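Let me begin by presenting the structure, written as structure tokens, before commenting on it.
The values are calculated or read from the model by the stated rules, or taken from the named source; none is laboratory data. Note that the structure is predicted; figures quoted are calculated from it, not measured. Please note: Cβ atoms are built from the backbone with ideal geometry, for glycine as well, and neighbour counts cover all protein chains shown. In case anyone asks, the SASA skips ligands and DNA or RNA and just uses the protein heavy atoms, side chains included. Shrake-Rupley method; radii C 1.70, N 1.55, O 1.52, S 1.80 Å.
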Amino acid sequence: MSKQRIYFRYGLIIIMGMLLTACSGEHTPEGEKQVETNKLSAERTSVEFDADRSTTVAIKATEDLGWEAKPSDSWISVSPSSGNGNGTITITCDGDNPKTVERAGSVIVSSTRYSLTTTISVKQKGTTVTASQKDLQYLTAGGDQTVTITSNARWALKSMPEWLSASASSGNPGSTQLTITAASNPNDGERIGDLVVETVNGVTNISIHVIQAPVILTTDVHEVSFNPEGGSATVYITANGAWAAASNASWCRISPQQGTGDGTLGIVADSHSGSASRTAVVTLRSGQTERTVNVVQAAATLSVSQETMTFAPAKGSQTVVVESNTQWTATSSDDSWCSVAPDNGSGDGNVSISVKENTKAERRTATVTLKAGALTRDISVTQEGISLELGSNTLAFGPQGQATTIALTCNATWTASINGGSWCEVTPASGSGNSDIRIAVGEHTGNEARQATITIMAGEVMRQVNVAQAAPYIRLTPSDELSFGHEADSKTLTVSSNVAWTAVSSDTHWCTLTKSDGQGDGELKVTVTGNTVPDERTATISVQGGGRTATVAVKQHAADVIFSVTPSTLQTYAAEGGEQTVTLAANVAWQADAKPDWIGLSALNGQTTQTITITAAANTRNKPRSGNIVIKGDHGTQPITISVTQQEAIVAPGEGDNPLPNYSRKK
């Protein structure tokens, strides 16, 4: 930009400022100077309007100082607009604020001669309208309620339901009490509406919500029933206002016919002799609300819950439900065993049909009849006869104690008893219905079979069980003797028995059994070892059980006699003595004897084969010597003689018989 343009703009700004200064405010008249002691001020520098529209402000000015007051906006007016010295001005807010927000302006007070100015700020609050209550609730009957409307503007009722009315339709700024009246609600529905208050300038409004309760008219029942005999009933009414009641039938009367609020309504029905039911309607009204109660009167009815009934043989009772709307009676065709209680009644009820115990096998029947006027209902009653059956009527037991059960089928109570002795028991001794009965017998040790009879009684019906128990026995085959050769062997012994038994051998050293006990029939294996002696031997097999014992003899033949010596001759003993052995084979008892006494034996007797050591003492003489050993056996055996010889001792010459051992001598 060029310097010439800058200088031009700067000069233009200075000129405009001089012009504005020349045109503004009060100025000192030409040729006069402002007196510095002149003063101009306002008592308040600001005012604020709400519901009020005007206020006064004191102006303080030097005596004879002239001034004037001017508003800044058209909605503000000042009176008076000028004055001299001290004075008072009235500032007025012309009209309502057209907005809901605050508006602001000012009043400028200035001297007419000097450049003295004071400004008064003016504010007006935004338009508002409020109500002391925003929700109103009225009873069904209506009524008055008071609401205070507070506004800083003029207001008017814009709208409201037709069933509402107000004490005023408009109001000025400030607080106004408004009475709102609701007419009576004739309907059974709640009614709702809004009362709208709006400022005249249309800037804002408020709504007051109004609810009015409906008509309440209810009955605790909607239908009342009567039996043919008629009668009375009470209906309970719930209401919040006046009501009236009416019946549309002459046989149906009501009392009272009107009331207010909660109450009771009595309904009376005359007796009805017709064959069909009849109806009436009782109508209640409150305002425009209507409620009805149907009244029904039935013709005579009679029904039973069942037409057939079956009983077990035992005494008992069953209940029949009677449905009727009138009086009735009940009778039995055979009250000797079938009875009814009660025998009369009225309306619904129960009849108990009872029967006595039927002790016979045949069923029986009766008829129970109920009557209500001309109506009749029959109930066929059947009582079963006693049924009694047993799973078995004969039982056979062995001699050992044992028990068994048999099935008892019965439809009644029963008892069980025994004839025949205490050895037989039955449990349980009594019962009812089907059951298993247990029959137990003790051990029988007698010689003869025994019998008992169990009797089952149900009423007059009898069933019996014959019980037999065999006597115990044990028989052996062969029955007298088992014979064996002398070799080892086994044979079978057959046992016939009806009891548990045990078996023993009297000599288990050579005669043994494969088992020691059994039950009933069986076999025993008898085993013998070889007999090595020349004597026959015997044992006894005993089988015992159930108080019985059976025996059989076991015999084993003797073995051949064995009696010999090996070697049968001995070598000659040297003079210094020595030992030799022989083997005596024997199965008989034997005794040995050696003579003379320089011969010694390791065994002098025995019964079996044995090795015998023969000892010769030293010979101190110079003569040989000899002796004998004699062994004798039983069972007629020939004695065995063994010769013993011994060399002489070697002695020095001239010593005679003195022994002089010479061990260098050859044998």
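Values computed for the structure shown
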item: Convex hull per residue volume in Å³, alpha carbons only, for the range 421-493; result: 145 Å³
item: For the range 330-457, accessible area per residue (1.4 Å probe, heavy atoms of protein chains only), Å²; result: 51 Å²
item: Listed pairs Lys595/Lys632; Lys315/Lys360; Lys134/Lys158; Lys39/Lys125; Lys99/Lys123; Lys99/Lys158 exceeding 22 Å between Cα atoms; result: Lys39/Lys125
item: The chain: angle of helix 3-23 to the longest principal axis, Cα-based, in degrees nearest 10; result: 60 degrees
item: Aspartates and glutamates whose Cα lies under 19 Å from that of Lys60, excluding same-chain neighbours fewer than 8 positions away; result: Glu26, Glu36, Glu43, Glu68
item: Carbon and sulfur %, accessible surface of the chain computed with the full protein complex present, 1.4 Å; result: 47 percent
item: Mean accessible surface per residue for the range 232-283, computed with a 1.4 Å probe while every protein chain stays in place, in Å²; result: 53 Å²
item: FRET efficiency, Thr308 to Leu139 (Cβ-Cβ, R0 56 Å, nearest 0.05); result: 0.30
item: Under Karplus coefficients 6.51, -1.76 and 1.60, residue-wise ³J(HN,Hα) of the range 158-169 in Hz, glycine/proline x; result: 7, 7, 6, x, 5, 8, 10, 9, 10, 6, 8, 9
item: 222 nm mean residue ellipticity, helices alone, for the chain (DSSP H n ≥ 4; -39,500 (n - 2.57); rounded to 500); result: -1000 deg cm²/dmol
item: Relative contact order %, the chain, counting alpha carbon pairs below 8 Å whose residues are six or more apart; result: 5 percent
item: Packing rank of 442-453, 56-67, where each peptide gets the mean count of other beta carbons within 10 Å, highest leading; result: 56-67, 442-453
item: Kirkwood hydrodynamic radius of the range 236-322, Cα pairs, Å; result: 16.5 Å
item: Projected area averaged over orientations for the range 77-180, convex hull of C-alpha atoms, nm²; result: 9.1 nm²
item: The chain, dipole about Cα centre (Lys/Arg Cβ +1, Asp/Glu Cβ -1), debye to the nearest 20; result: 1700 debye
item: 1.4 Å probe accessible area per residue over the range 503-579, in Å²; result: 53 Å²
item: Cα shape, the chain, gyration tensor, a/c 1.5 rule; result: oblate
item: Nonlocal amide H pairs with Thr413, under 5 Å, H built at 1.01 Å; result: Gly433
item: Cβ crowding within 10 Å averaged over residues, with 532-544, 422-434 ranked highest first; result: 532-544, 422-434
item: Rg to Rh quotient for the range 378-521, alpha carbon positions, Kirkwood Rh; result: 1.27
